[in-house]
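What follows is a short report on a single structure.
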Amino acid sequence: MRDRLLTRNQVAGTLWPESSDAHAGASLRSAVSRLDGPARRALKVTAHDLSLDEGVVVDVHYSQALARRLIDRDAPLVDGDIATPAVSALSDDLLPGWYEDWAVIAAEDWRQLRMHALEAVAARLTAADRFAEAAEAALAAVRAEPLRETARAALIRVHMAEGNRPDAMGEFERYRVLLRAELGIEPTSRLRDLLSDLPPR
């Protein structure tokens, strides 16, 4: 696939940005020659380009495709999209500890996509009365972004659907205390209104 293809100069310049083109190119040749086993088989190397072998599956590409299917209500789902492995695929950050501009932008794009997807899978599982799995998805979103109101709303909706008033109210209160301590603000009326929709005791 063309989007996996990079010139050797691009790769060498990215990996050895402080070196001259000639030195970076030599370093790349040396690094590639030392690869063996699965790492070497995963690369397709030509005189001018580097790419991943056609048989290589990139986990972040899989996770991005999964996230987009979950967010799009009209997209056909694949077996396993609404299950615990899907939550796991959406729970990891991209390139943690990398601070180059391109990595920060890519990580933020993925963070936003996966947060929306976790909230979407929680909603789909709630609608299917699979409350334990729905809570797992919502909690993954809350752990990733404790101050994100839509993540808390997803978890409160799970508790509401089960009729667990104390859990829903407790979650709201924990979020209210955290928000006040961290940002000095209150939850929005939209989140507060969720509690008014709780079934009577």
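Readers should treat all values here as calculations from the given coordinates under stated rules, not as data from a laboratory. Everything quoted here is computed from the prediction, not taken from an experiment. Virtual Cβ from ideal backbone geometry, glycine too; neighbours counted across all protein chains shown.
Computed from the alpha carbon atoms alone, the convex hull of region 59-138 holds 84 Å³ per residue. Extension gain, A26 to I105, is 25.5 nm, computed as 0.36 nm per intervening residue step minus the present C-alpha separation. Between 0 and 90 degrees, the angle of helix 59-71 with respect to the longest Cα principal axis of the chain falls at about 30 degrees.
Stretched out fully, how many nm does the piece from R34 to T150 gain, at 0.36 nm a residue minus the Cα gap?
On the way: separation 116, 0.36 × 116 = 41.76 nm, distance 4.77 nm.
Full extension from R34 to T150 adds 37.0 nm.
Taking amide H as placed 1.01 Å from N in the peptide plane, the amide H of D49 sits under 5 Å from that of R8, each at least 5 places away or on another chain. The calculated P(r) of region 2-52, using every Cα pair and 5 Å bins from 0, goes 4, 21, 30, 26, 15, 4 in percent.
If the chain linking W98 and S19 were pulled fully straight, counting 0.36 nm for each residue of separation and taking away their Cα-Cα distance, it would gain 26.4 nm. Building the convex hull from the alpha-carbon atoms of region 110-201 and averaging its projection over directions returns 5.6 nm². For the chain, the C-alpha radius of gyration sits at 1.35 times the compact-globule guess of 2.2 N^0.38 Å, with N the residue count.
Listed from fewest to most Cβ neighbours within 10 Å, the set V142, V45 follows the order V45, V142. Distance distribution note for region 1-116: the fraction of Cα pairs above 26 angstrom is 36%.
Assuming R0 = 45 Å, what is the FRET efficiency of D49 and A128, from their Cβ-Cβ distance, to the nearest 0.05?
Details: r = 46 Å, r/R0 = 1.02.
Calculated value: 0.45.
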